[in-house]
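A quick write-up on the structure given underneath.
Computed from the coordinates by the stated procedures, all read-outs in this text should not be read as laboratory data. Keep in mind that what you see is a predicted model, and the values were worked out from it rather than measured. Please note: Cβ atoms are built from the backbone with ideal geometry, for glycine as well, and neighbour counts cover all protein chains shown.
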Amino acid sequence: MGEKLLLCALLANWGLSLRLENVSIPQYGIKDGGVTLGCFFDLEKDTFLVLKWYKDGHEFFRYSEQSTPFILTFPIDGVFVEITQSNMNQVVLRNISLRSSGSYRCEVSADLPSFRTLSQSGELFVTAPPRDLPHIDCHPPLIQQGDVLKCNCTSYASKPAASLMFYLNEGKANFGDMIEYLPALEPYGLETSILGLEFQVEVMHLKNGALRIKCTATIGNGYWVSNVTLYEASVNVNAQPSSPAGPNRLLSGVPRGNGSGGLLTLVVTFLLALLTHLHP
């Protein structure tokens, strides 16, 4: 009977002991920026002992009101703590780099009466945005119905490689028309993404004599957009495909002559013959 009462008392105290309420670890961070790690808990009837933060299993931050100073930090590659903005419930990291990516864990320990220790972890992935908007390059620069249009969208030097997508007049391009290339490796672990697009221009693509092409680059929760507008080379929407020419061909769309030059030549020839006959 006494053992049951003791067990009930322990369970009652356990239900009123330390519990984690919320541990917030951003999924993404941006290189050279900062992130805030949050750890909120309720002691109930417990006494606070210590709070610790770990990266990939290595302690880098400790908060204890039983020590002087309350905050201690430990050197970890890629982790720079802003002590003046950090406390028992939050840790602010500054100047994060690609090396700051990893698994972060908050661990809270209670003293009497439960001596309970709880922890929760999450992953932080640091991204390096591309240095510019995605670049769109298309050939030929002037188009007509029936032309085979070839485009490349390039997003330079990011981490991870940007996910690219083409749009034609605001609608997604057909996946079958897109060509995926492996990312090109750049210095410092960065990557350049390239997506190709090749299709035959149809009447449905031309809106008021123009085709608007958009390329989006996405990394984590970052989003970059570039647009380019290609204009019809001929005023006639139903013109035949342009004849092969060099890569810099420019088609003005100016209509050909109506044949009046040939008629003038014929008249002049007739007059000369008549004068010769009259004055042998």
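Below is a table of values for the structure above.
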{"item": "Output for region 109-126, where each listed residue is of a type outside the set (Asp, Glu), out of contact with any Cys (no Cβ under 7 Å at 6 or more places or on another chain) and part of a strand (DSSP E or B)", "result": "SER109, ALA110, THR117, LEU118, SER121, GLY122, LEU124, PHE125, VAL126"}
{"item": "Residue in region 70-78 that is touching a Phe, Trp or Tyr at 6+ places or on another chain (Cβ under 9 Å), polar (S, T, N, Q) and without any contact (Cβ under 8 Å) to a residue 40 or more places away in the chain present", "result": "yes"}
{"item": "Matching residues, region 146-173, being in contact with a His (Cβ under 9 Å, 6 or more places away or on another chain) and assigned to a strand (DSSP E or B)", "result": "LEU149, LYS150, CYS151, ASN152, CYS153, THR154, SER155, TYR156, LEU168"}
